[in-house]
Amino acid sequence: MEMEDSEHVQPKNQDEESNVEVVIKGDAGQDSQESNKELPDPIHGDDISAIPMEIQEENKTQEPRKLILLVDLDGTLIHSTKHRYKGHLSEDIFEMTFDDKDRKKTTVKVRPYCREFLEAMSRLFEMHVVTLSSRGYALKIVEHLDPEGRFFGGRVISRDELGYRRNKDTYFNVLFRESLPFTIILDNLSDVWDHMGNVVQLKTYKYFKKNGAEPRRNEDDDNLEHIERVLTDVHSRFQSHFKAVGEYLDMRSAIAEYRRSVLKGVKVVVSAEAPWVTKPTALLTKNVVSAMLSRFGAEVQDTVTRETTVIVELWDKTTRVPTIPVVWSSWLYSVLEEWQLPDFGKHLLSY
């Protein structure tokens, strides 16, 4: 949930293994002004009474065969900024205010294919928004994305209810305790969910530049189209398995298995060394990337062998190894975007 505006969302832990992009590019998040404000105490154990009754009612599940999809907002469905936007507004780029005390406008960009994605997923899942943004902000976003309430039906959980600065998994285990096997999580970061097996992670969506300048003109973000394919496939497997054997697939293991199949059989060497990179930075980066690749089923090798499938070069574009493709770090982002083995040719440095 990475945003240019840091005032209405609590920063996630962007140095953990889920945020490959931050580690590679060195774009560490800054502490927000909100982080100094006192937040509600987190809920512990079975103390669900600490969450307002209307929130509890909104998030009660329906039939168990109706899978649940928890959806993040910032960096997943939208990107927003409080910097003055100099471009043209449209249905997908809009301004809003959400705080009576702070009337400064926030500009929001909707991710490409977002509405089509929500329309398709609403037929398969009971969808809930779970965000570390403030409730006022979240409701404004949802009102724009889902004005008729057809997608989320008012099911919104924000940091006002969560009370936690970074993690969501504690409240997931409370609010959706009876539905854990039937729940899938869509988020651009997995560390806030403690890397749970049922997290479908996608690439962080960024549109605005930090200085509010005219953003990139040509968008080639098709991440939600790929994720729609993944979720539709998982839903189909869930239904087919039940019809075949009369038992439900546990989404925690089903998603984890699907993720591991993406790079199954791929043997990767991660090259993170360069003259201008310190050893601690190189080691941290290599560990982060290796963990991400392992979650997607790749076998990470320490050294190049005859069995090596590909070398991922994070820093130095001069790496050359005969007969083995060497790809740039953009290949890693394609793994998150596509949830399938990306074409080496699009990211090739050498062969």
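The values are calculated or read from the model by the stated rules, or taken from the named source; none is laboratory data. Just so we're clear, the structure is a prediction, and the values are computed from it rather than from any experiment. Positions of Cβ are generated from backbone atoms using ideal geometry, with glycine treated the same way; all protein chains shown enter the neighbour counts.
Remark: Arg295 falls outside the filter, which requires a residue to be over 17 Å from Asn223 (Cα atoms) and surrounded by fewer than 13 Cβ atoms within 10 Å (Cβ to Cβ).
Once the stretch 323-341 is narrowed to residues that are among the hydrophobic types (A, V, I, L, M, F, W, C) and under 21 Å from Lys264 (Cβ atoms), the residue that is farthest from the chain's Cα centre (by Cα) is Ile324. Arg320 satisfies every condition listed in (1) over 20 Å from the mean Cα position of the chain (by Cα); (2) surrounded by 14 or more Cβ atoms within 10 Å (Cβ to Cβ) except (2). Could you tell me whether any residue of the stretch 180-193 is within 18 Å of Leu69 (Cα to Cα), in a helix (DSSP H, G or I), modelled with pLDDT under 85 and more than 18 Å from the chain's Cα centre (by Cα)? Yes, some residue in the stretch 180-193 is within 18 Å of Leu69 (Cα to Cα), in a helix (DSSP H, G or I), modelled with pLDDT under 85 and more than 18 Å from the chain's Cα centre (by Cα). For the residues Arg65, Arg84, the requirement of being outside any strand (DSSP E or B), over 21 Å from Ile157 (Cα atoms) and at pLDDT below 80 singles out Arg65. Checking each residue in the stretch 276-317 for being touching a residue at least 40 places away in the same chain (Cβ under 8 Å) and more than 28 Å from the chain's Cα centre (by Cα) picks out Glu307, Thr308.
Within the stretch 135-168, the residues that satisfy the criterion of being touching a residue at least 12 places away in the same chain (Cβ under 8 Å), among the charged types (D, E, K, R) and part of a loop (DSSP other than H, G, I, E, B) are Asp146, Arg150, Arg155, Arg165, Arg166, Lys168. Against the list (1) assigned to a helix (DSSP H, G or I); (2) among the aromatic types (Phe, Trp, Tyr); (3) at pLDDT 90 or above, the condition Tyr171 fails is (3). Considering only residues in the stretch 225-243 that are over 18 Å from the mean Cα position of the chain (by Cα) and of a type outside the set (S, T, N, Q), the one that is surrounded by the fewest Cβ atoms within 10 Å (Cβ to Cβ) turns out to be Lys243. Of the residues that sit in the stretch 72-112 and are of a type in the set (Ser, Thr, Tyr) and under 20 Å from the mean Cα position of the chain (by Cα), which one is farthest from Thr131 (Cα to Cα)? In this case the residue turns out to be Thr81. Quickly run through the stretch 98-134 and pick out the residues that are in a loop (DSSP other than H, G, I, E, B), touching a Leu at 6+ places or on another chain (Cβ under 8 Å) and within 22 Å of Ile68 (Cα to Cα). Passing the criteria: Arg111, Tyr113, Leu124, Phe125, Thr131, Leu132.
Within the stretch 113-122, identify whether any single residue is farther than 26 Å from Arg229 by Cα and under 18 Å from the mean Cα position of the chain (by Cα), and answer yes or no. Looking for residues that are farther than 26 Å from Arg229 by Cα and under 18 Å from the mean Cα position of the chain (by Cα), one finds none in the stretch 113-122, hence no.
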